[in-house]
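A.B. asks: Just passing along the structure, written as structure tokens.
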Amino acid sequence: MAEAVGVAADSLAGCRARAARTALDQVVLPGEELLLPEQDDGEGPGGAGERPLRLNAAARSRGRVVCGPGLRRCGDRLLVTKCGRLRHKEPGSGSGGGVYWVDSQQKRYVPVKGDHVIGIVTAKSGDIFKVDVGGSEPASLSYLAFEGATKRNRPNVQVGDLIYGQFVVANKDMEPEMVCIDSCGRANGMGVIGQDGLLFKVTLGLIRKLLAPDCEILQEVGKLYPLEIVFGMNGRIWVKAKTIQQTLILANILEACEHMTADQRKQIFSRLAES
């Protein structure tokens, strides 16, 4: 890892722009510009056939490019804002573009619009609830942001309750705002989480790993005990099993699986299945 960081630092010092195809799965540093291969033979600062990533009409004609965590659009450029490994996911149509993001290990959560998070109600001020989401400031949640809520039919939310919702406003200039309904006005699983269960915190990288479509950890965990589980993109997990012992076992497994290999996980799950 130290060698990879050294290579990235040398590249940043010598030339601020790097080719994205050569930087995939490698460490990138904040301030770097991404260069993508062009279909034409134009020359850019990265050499023949490459130029800085453009998000204008010409770029959209080749394929839509989505900026994920760790990347920021600055005019017609794409800048790296976090230290981590550059990842890329090809679009389903295969027409170019796709999703680029920086995979980093961090515990501090920065609210992002559209993220589903688990929050804790810390205060009630008039018609607004203040919710702790693990960010730099609490998020606001209106009592009308629940399914079926009206001025007469207010939701039963108390200080200390766990809330599962999503951000509709999240930027550096405004206070984060949460809702517990989707675009159709339905709860769709969001709202107040039950009183029982266990809430614990993990790294953001583990959350993204567990929410991946091909994650084998959840499939193996589901075979052990019947459970209810909620994942928040802010690094919080709520889990509930039939007994307190089973709940604690599941929480310990999820916390430890981040640093386990596939063989180690199979050994642990086989022992638990036998017992």
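Since every read-out is calculated from the coordinates, none of them should be taken as a lab result. All values derive from a computational prediction rather than experimental measurement. With ideal geometry, Cβ positions are generated from the backbone for all residues, glycine too; neighbour counts draw on all protein chains shown.
A.B. asks: Please list the non-local residues whose amide H lies under 5 Å from the amide H of R64, H modeled 1.01 Å from N, same-chain partners needing a gap of 5 or more.
C.D. replies: Long-range HN contacts for R64: G98.
A.B. asks: Let me ask you something else. According to the Cα gyration tensor, what semi-axes, each the square root of 5 times an eigenvalue, does the equivalent ellipsoid of the range 130-182 have, listed from largest to smallest in whole Å?
C.D. replies: 20, 13, 9
A.B. asks: Evaluate the distance, in nm, between pseudo-label points positioned 7 Å from the Cα of N188 and of R64 along their respective Cα→Cβ axes.
C.D. replies: 1.6
A.B. asks: Once you put a point 7 Å from the Cα of K209 and another 7 Å from the Cα of E147, both along the Cβ direction, what distance in nm separates them?
C.D. replies: It is 3.3 nm.
A.B. asks: Ordered by residue, what ³J(HN,Hα) values in Hz, to whole numbers, does the range 147-153 give under the Karplus form 6.51 cos²θ - 1.76 cosθ + 1.60, where θ = phi - 60° and Gly and Pro are x?
C.D. replies: 5, x, 7, 9, 5, 8, 9
A.B. asks: For the range 246-271 and the range 172-186, what is the separation of their C-alpha centers, rounded to whole Å?
C.D. replies: Between the Cα centres of the range 246-271 and the range 172-186 lies a distance of 34 Å.
A.B. asks: Still on this model: Using label points projected 7 Å from each Cα along Cα→Cβ, tell me how many nm separate I128 and V168, to one decimal.
C.D. replies: Roughly 1.4 nm, to one decimal.
A.B. asks: Shifting gears a bit: With the cut-off at 1.5 for a/c, could you classify the range 196-269 from its C-alpha gyration tensor as rounded, prolate or oblate?
C.D. replies: Judged from the Cα gyration tensor, the range 196-269 comes out oblate (a/c at least 1.5, b/c at or above a/b).
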